[in-house]
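Have a look at the structure below, then the notes.
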Amino acid sequence: MAKPKVVFICSECGGEHLRWQGKCQHCGQWNTLKEVKTASSSATFGSSTERKKPQKLSKLAVSKAKITSVGIEEFDRVLGGGMVVGSVLLLSGSPGVGKSTLLLQVAGKIAQKTPVVYISGEESEEQIVERAKRLRVEADNLYFLAQSNLDFILSELNDMEDLGLVIVDSLQTTASENATGSSGSPSQIKYVATELSRFAKENGVPVVMTGHITKNFSIGGPKFLEHIVDVVLIFEGDRFSSMRILRATKNRLGGTSEVGIFEMEDRGLVEVKDPSEAFLKEHKVAPGSALMIAMEGTRPILLEIQALTSGSGYKYTKRTTQGLSRKRTLLILAVLEKFGRQNLSRSDIFVKTSFGMRVFEPAADLAIAVAVASSQLKKPVPAKTCFFGEVGLNGEIKSVVGDKERIKHAKKLGLKPIGADDFPTIQELLAGLFTASSNTK
Ligand code: TYD
Ligand code: MG
């Protein structure tokens, strides 16, 4: 292992300094620098001691064997085929979303081929055994270690051979005596992530760490954590829905556009191969509900957008969004007021996506507009229709990327797709969908 060197790390922000000083250069806090023995360089592919000549890129080949397919299609899709040996992945998500469940299932799959060690600082042996039973995870090659001390973890891992995967659950509960602060502090997180990353690179084993997430979907812990790891995965889901979405927000080794969809059931996470069908089954025709075809990576997916407008008793009206861009929604509301002849100024308006999905592409504009108008007019959107299109500031409906795929997908689901080709403006669309109502201006 590389020789540790001494640096001074701020216990507030995790900023690194070569010598001690009273004030942290990064966050400006006083007396927060602590001496830390750290890795001599951050872990990267290629050793810093071994000298290599530049190679012709065209002659360098990546062998397929370096990618470990997990065997869970929805998981592999997000990773771009599987886990790359020696890569470090961070799986984050809010507590209870199902990170440990997903990883135990992943561990069970990989352990059918190669030994896997699942390390938990959060759960006891009894809890894990109980969970594995429930998930029907059985593999002779699956090892479990209830340990939160990184130094013990690394020495155990160094004794094992032919490891196919290491899972550390979680980054926040693992700590080392070589770093300052208690578990979960920026300096501990940095040290643990760097050392695990070094282990992964030196031994050619993929390491997956779990991490907490804050309310606004940013990764709990210092920002540099995202630089240390190769892949950042976010596991999302609504607490009140069983749907779970796995997405990559960073992937040094593949794309970040694909999502994996799962459903949390009694026996763990089940892949949802056809999410549109599942969402369509749950959808009920009612005022304020509009369907849209979104593109998640290369995959068209049916989503539901719901809006509720209600007369406000207060001088100031509320505008709340969930799973959608608030700024974009406010813009669409303004367009609806001006060009869609909707009087929304005295209403509280809530707009959200269903099943905890999130959609930020402009193609959602049209479904947002239709859902709000439908709620305001108290008239349901015609059954078996779905929408996609961007709404311009003059009320014009613009076409969006992937329109052919969206139309094809809608038709496959037995829905009538409505977009820029069907109605040039929001005014004409609303007139076409809902006949004149007393509620319009
Ligand atoms: P868990 O994987 O522990 O979440 P995390 O590691 O992200 O904190 O999942 C916890 C939740 O999942 C818990 O509320 C119970 C539920 N669950 C199921 O519904 N089915 C199952 O088979 C399992 C194992 C958990
Ligand atoms: Mg957990």
So ARG51 fits all but one of (1) modelled with pLDDT under 80; (2) outside any loop (DSSP other than H, G, I, E, B); what number is the exception? (2)
Just one of (1) over 30 Å from VAL106 (Cα atoms); (2) over 18 Å from the mean Cα position of the chain (by Cα); (3) open to solvent by less than 40 Å² (accessible area, probe 1.4 Å) trips up SER325, so point out which. (2)
Go through segment 259-279 and report how many residues are open to solvent by less than 40 Å² (accessible area, probe 1.4 Å), in contact with a strand residue (DSSP E or B) (Cβ under 7 Å, 6 or more places away or on another chain) and of a type outside the set (Phe, Trp, Tyr). 7
Quick one: PHE350 ticks every box in (1) farther than 22 Å from THR249 by Cα; (2) open to solvent by less than 10 Å² (accessible area, probe 1.4 Å); (3) assigned to a strand (DSSP E or B) except a single one, so which number is it? (2)
Only one of PRO380, PRO362 that is touching a Ser or Thr at 6+ places or on another chain (Cβ under 8 Å), open to solvent by 30 Å² or more (accessible area, probe 1.4 Å) and under 26 Å from ASP238 (Cα atoms): PRO380
The conditions are (1) more than 13 Å from ligand 2 (Cβ to nearest atom); (2) in a strand (DSSP E or B), and TYR118 fails exactly one of them. Which is it? (1)
Considering residues that are assigned to a loop (DSSP other than H, G, I, E, B), within 16 Å of ligand 1 (Cβ to nearest atom) and over 26 Å from PRO206 (Cβ atoms), the number found within segment 249-297 is 1
Residue identified as out of contact with any strand residue (DSSP E or B) (no Cβ under 9 Å at 6 or more places or on another chain), away from ligand 2 (no atom under 14 Å from the Cβ) and open to solvent by less than 40 Å² (accessible area, probe 1.4 Å) among LEU89, LEU150, LEU154: LEU154
Taking segment 173-190, which residues are under 24 Å from the mean Cα position of the chain (by Cα) and either modelled with pLDDT of 90 or more or crowded, with 24+ Cβ neighbours inside 10 Å (or both)? THR173, THR174, GLN188, ILE189, LYS190
Counting only residues in segment 89-130 that are more than 25 Å from ILE189 (Cβ to Cβ) and of a type in the set (Lys, Arg), the one nearest to ligand 1 (Cβ to nearest atom) is identified as LYS109
Run down PHE75, PHE152 and say which single residue is under 14 Å from VAL208 (Cα atoms) and either assigned to a helix (DSSP H, G or I) or modelled with pLDDT of 95 or more (or both). PHE75
When (1) surrounded by 13 or more Cβ atoms within 10 Å (Cβ to Cβ); (2) in a loop (DSSP other than H, G, I, E, B); (3) of a type in the set (D, E, K, R) are applied to GLU405, the one that fails is (2)
Tell me the residue from THR353, THR320 that is closer than 30 Å to PHE262 by Cα, over 21 Å from the mean Cα position of the chain (by Cα) and not hydrophobic (A, V, I, L, M, F, W, C), please. THR320
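The values are calculated or read from the model by the stated rules, or taken from the named source; none is laboratory data. Worth saying up front: this structure is predicted, and the values here are computed from it rather than measured. All Cβ positions, glycine included, derive from the backbone under ideal geometry; neighbour counts span all protein chains shown. Accessible surface is based on the protein model in full, side chains and every heavy atom, while ligands, DNA and RNA are left aside. Shrake-Rupley method; radii C 1.70, N 1.55, O 1.52, S 1.80 Å.
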